[in-house]
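The structure appears below as structure tokens.
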Amino acid sequence: MAFEKGKPRAAGAGRKKGVTNGDTAKLRGLILGALDSKGGQGWLEQQMDEQPVAFMSMIAKCIPKEIEANVKSSVILTLSKTDAEL
């Protein structure tokens, strides 16, 4: 049954959150294979020296654009004198 506009989807329809698309996984494998055949890290270092702008552009695409963090902290405040005593 195809998705119909305006109607809710059935429970469990589609990929679960975090599951990689099969085409994306294949492409990632091809890219890593090509990198290995060119010399891996050594080839990347050569590209960094020869084409620094393109290299930094590639690095920027690898860094997450958003970072989600849950931060818990506590503060302990100790007063030794009251305002009147100051």
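The values are calculated or read from the model by the stated rules, or taken from the named source; none is laboratory data. Everything quoted here is computed from the prediction, not taken from an experiment. Here the Cβ positions follow ideal geometry from the backbone for every residue, glycine too, while neighbour counts run over all protein chains shown. Ligands, DNA and RNA are stripped out before the accessible areas are found, and what is left, the full protein with its side chains, is counted by its heavy atoms. Shrake-Rupley method; radii C 1.70, N 1.55, O 1.52, S 1.80 Å.
General observations
- Only residues that are open to solvent by less than 100 Å² (accessible area, probe 1.4 Å) and modelled with pLDDT of 90 or more were counted across the stretch 52-73, and they come to 4.
- Evaluation of Trp43 against (1) over 20 Å from the mean Cα position of the chain (by Cα); (2) in a loop (DSSP other than H, G, I, E, B) (one fails), failing number: (2)
- Total residues in the stretch 16-39, condition assigned to a helix (DSSP H, G or I) and either in contact with a strand residue (DSSP E or B) (Cβ under 7 Å, 6 or more places away or on another chain) or farther than 17 Å from Cys62 by Cα (or both): 8
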